[in-house]
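To start, the structure under review is shown below, and the notes come after it.
The values are calculated or read from the model by the stated rules, or taken from the named source; none is laboratory data. Since the structure is predicted, the reported quantities are computational estimates derived from the model, not experimental observations. FYI the Cβ positions are ideal-geometry reconstructions off the backbone, even for glycines, and counts take in every protein chain you see. Heavy atoms of the whole protein, side chains included, go into the accessibility calculation; ligands, DNA and RNA do not. Shrake-Rupley method; radii C 1.70, N 1.55, O 1.52, S 1.80 Å.
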Amino acid sequence: MSTSAPLPPPVSPFSGTPAPSPRGPFVLLNDEPVAESGADLLGVGRAARQLAGLLVASRASTPFTLAVDAGWGMGKSSLMRLVDAELVHAPEVHTVWYNAWTSQGADALEGLIKSVLMRFDRRVLRRALQRISERRALLRAVRAVTTVAAGPLGAAGLVDELWKTLSVNSQARNEMRGAIGELVQEWSQTDDFRPRRLLVVFIDDLDRCPEETVLAVCEAVKVYLDVPGLEFVIGCDRSALAPNGLLRDLSPAASAFMEKIFQTSYRIPVADQQGVRAYIDWCARTVGIDQLLDERLTTMLAERSARNPRRIKRLVNGFVLEATLNPMWDDFAPEAVVRTLLLQYFYPDFYRMVAGAAGSGAGDVIAEFRTYREVRRLLRTPDPIPVAELPTVTRFLREHDLPEQDADGRDATLSRLERQLPSGFPEMVRDQEFTSLIDGLVALPRSEELLRRLREGAELPAAVEPEPAAYVQSLPPRAQPPAGAYGGMPAGAYGAMPAGRAATPRADVAPLRYVRILWVDDHPRNNESLVNAFRAAGAVVRIAEDSAAADAALAVERPTLIVSDIERDGNPREGLEHLARLRRDGRYDGPFVFYAGRVTPERSAVAEELGAHLTSSGPEIELLVLRAAEAERPLP
């Protein structure tokens with residue numbers, strides 16, 4: 001693999017001349033589900049054929065509902081599309097697709113029922129409307145008959161009339177299931193069709209909908225469309241629809257109703273190692289980075305992505321966009337982009353320290369980790385430490401305020417050392433993919449310059465989340481503002497919106513208007529993005545650059561929350577000691593968060609003793625501020 005120099009300038013597709021950037025001829029992958037067997041890279045075609053066969057063979061057992069069960073990005077839509085493609089070849093089998101995500105709340109019930117009715121031909125719809133009209137002496141029915149007699153209506157017009165007639169009041173709704181059953185029976189069981197006709201209804205993205213929409217769709221399926229001749233295939237993550245998930249606030253009766261929705265489920269298996277590696281190879285070849293992924297990087301991408309096809313695509317696309325658009329990479333080999341982004345995506349806590357996270361005080365954390373790995377090896381060996389290696393061990397222990405010799409032995413020395421190191425070091429040192437990633441990054445040409453730029457805060461995109469986050473779901477119901485209500489707060493602050501749907505900022509809403517934050521940090525510029533976001537959402541944020549300024553601010557006003565660094569005023573423990581003084585003197589007993597790039601077991605233990613929270617994560621700070629806002633919000 002030759003990656004020692006940047007790729008040659010690509011030819012511009014518009015001018016035919018070399019483009020100014022030294023990035024390669026990369027392309028992007030789409031995120032569309034597989035719709036034909038030729039594009040089936042993970043071998044789900046066999047399962048699709050078998051499921052299609054079961055659906056066709058079970059037409060006499062209708063109605064029933066099958067759940068295609070899998071997590072986000074694991075191929076539910078692709079499998080369902082392939083099943084649909086197989087059903088095209090079955091005699092007298094018809095299909096209809098309904099994406100639950102396109103409707104909101106109660107509209108989903110109407111939308112699904114109308115989508116099903118639209119699949120029937122006009123003569124069947126017209127006769128169904130006539131039957132309903134003849135059975136009723138209602139003004140609405142008379143209007144429907146008049147409309148039908150007045151002139152030909154298309155299928156959409158007939159469906160609208162049927163819906164108006166069947167949904168006019170509660171009595172009409174009680175008749176809806178019987179009317180739809182008669183309509184489907186006429187369509188499916190006539191002398192013209194042998195075997196009986198079958199309509200398979202595919203419902204996708206149910207687990208990405210709000211609770212009201214989920215319940216409306218399930219009501220349509222179980223109450224109004226539960227008639228012979230219809231089969232439902234619903235793509236969803238059933239764990240997300242469980243009582244401890246999206247629908248955790250349901251009543252016992254509603255929970256029992258949900259249990260009856262699915263007669264059976266097919267859980268999509270995770271792709272095997274060979275299949276997912278072949279998939280990664282295809283993605284890499286397609287976008288043009290196949291020469292940049294060695295064996296270990298491919299293994300890491302497979303395992304750390306949980307073999308999730310969508311996540312793999314997002315990571316690959318993230319590399320392409322970063323390599324193409326960020327001028328920082330013009331001076332580095334493309335492999336540097338790959339390794340840096342893999343580090344960012346799969347080891348975000350470590351990456352935050354590498355990239356100069358707020359108040360980290362860690363210096364070169366990669367050098368610290370690699371030295372720790374060597375010192376750990378030497379301390380764990382029963383043999384005497386070689387004379388040539390002894391200075392390294394001694395210096396490293398001194399840098400972490402530990403004696404050169406521990407009376408309790410080397411194991412005790414290592415244990416004390418690891419309490420001073422970032423919390424993830426002991427696990428990462430045993431992670432071969434991680435150590436290979438770090439060693440390969442250090443071995444790249446001009447790696448020192450790359451790491452220097454990262455420590456100085458070089459801009460990289462936000463890390464790709466494996467799936468939409470769920471910060472808001474952990475809050476009490478009244479603390480969960482509507483999507484898009486955060487008026488300037490970053491979308492990640494309240495959980496990622498599902499792919500393809502963006503929050504619409506609303507400047508008139510200030511969810512943090514009751515929050516007062518005192519932020520103590522001797523380098524306040526490190527926190528500007530978070531501070532500005534909180535202020536935009538209505539919070540009052542006061543900055544103190546040392547403990548004395550913080551004490552003066554506390555004397556004037558009690559904040560809702562204090563956010564503080566740990567290392568300042570030349571003291572690596574000043575933040576901890578400052579909080580201890582505040583607690584001891586009774587000057588502040590409220591919520592306190594340490595925001596530090598370096599989270600160690602010792603720091604975590606001291607913070608817990610002081611009743612404080614320690615984190616290096618911006619999104620976690622946002623969650624804690626939201627909880628503080630909930631505590632401060634006046635009761636309605």
(message) Rounded to the nearest 20 debye, what is the charge dipole size of segment 360-404 about its Cα centre when +1 sits on each Lys and Arg Cβ and -1 on each Asp and Glu Cβ?
(response) 160 debye
(message) I need the phi-derived Karplus couplings for segment 345-350: 6.51 cos²θ - 1.76 cosθ + 1.60, θ = phi - 60°, integer Hz, Gly and Pro marked x.
(response) 6, 9, 9, x, 5, 5
(request) Tell me which residues come under 5 Å, amide H to amide H, from A544 once H is placed; ignore anything under 5 positions away on its chain. (result) W519, V520, D521
(request) May I ask you to compute the full-extension gain from A549 to R419, defined as 0.36 nm times their residue separation minus their alpha-carbon distance, rounded to one decimal in nm? (result) 43.7 nm
(request) Write down the Å³ per residue value for the convex hull defined by the alpha carbon atoms of segment 65-120. (result) 105 Å³
(request) Quick one: work out Rg over Rh on the C-alpha atoms of segment 500-636, Rh as Kirkwood radius. (result) 0.98
(message) Exceeding 19 Å between C-alpha atoms, which entries from my cross-link table qualify? They are K76/K313; K76/K222; K222/K260; K76/K260.
(response) K76/K222; K76/K260
(request) Return one quarter of the surface area of the convex hull spanned by the alpha-carbon atoms of segment 506-577, equal to its mean projected area, in nm². (result) 5.0 nm²
(message) I want the local charge near Q273. Using Cβ-Cβ distances under 9 Å, sum +1 for each Lys or Arg and -1 for each Asp or Glu among the other residues.
(response) 0
(message) In whole Hz and in residue order, list the ³J(HN,Hα) couplings for segment 204-216 that follow from phi through the Karplus curve 6.51 cos²θ - 1.76 cosθ + 1.60, θ = phi - 60°; x for Gly and Pro.
(response) 10, 6, 5, 6, 9, 9, x, 3, 4, 5, 4, 5, 5
(request) Mind listing the long-range amide H neighbours of R307? Cut-off is under 5 Å, sequence gap 5 or more, other chains count too, H placed in the peptide plane at 1.01 Å from N. (result) none
(request) Provide the convex hull volume over Cα atoms per residue for segment 295-405, in Å³. (result) 164 Å³
(request) Please list, in chain and number order, the residues 5+ apart from T95 or on another chain whose amide H is under 5 Å from its amide H, with Hs placed from the backbone. (result) V200
(request) Return the sequence-ordered ³J(HN,Hα) values of segment 219-235 in whole Hz as given by the Karplus equation 6.51 cos²θ - 1.76 cosθ + 1.60 applied to θ = phi - 60°, using x for Gly and Pro. (result) 4, 4, 5, 8, 9, 9, 10, 7, 10, x, x, 10, 10, 10, 10, 10, x
(request) Would you work out which of I268, I280, I312 lies farthest towards the positive end of the dipole of segment 262-340, given +1 charges on the beta-carbon of Lys and Arg and -1 on that of Asp and Glu, about the Cα centre? (result) I268
(message) I'd like the accessible area for K222, computed on protein heavy atoms only with a 1.4 Å probe and all protein chains in place. Round to 10 Å², please.
(response) 60 Å²
(request) Kindly state, to the nearest 0.05, the FRET efficiency for R513 paired with A605, given R0 = 30 Å and r defined as their beta-carbon distance. (result) 0.25
(message) So, R0 is 35 Å and r is the distance between the beta-carbons of R49 and R430; what FRET efficiency does that work out to, to 0.05?
(response) 0.25
(request) Be a star and scan segment 399-442 for residues whose amide nitrogen sits under 16 Å from the point 7 Å along the Cα-to-Cβ vector of R373. (result) 422, 424-442
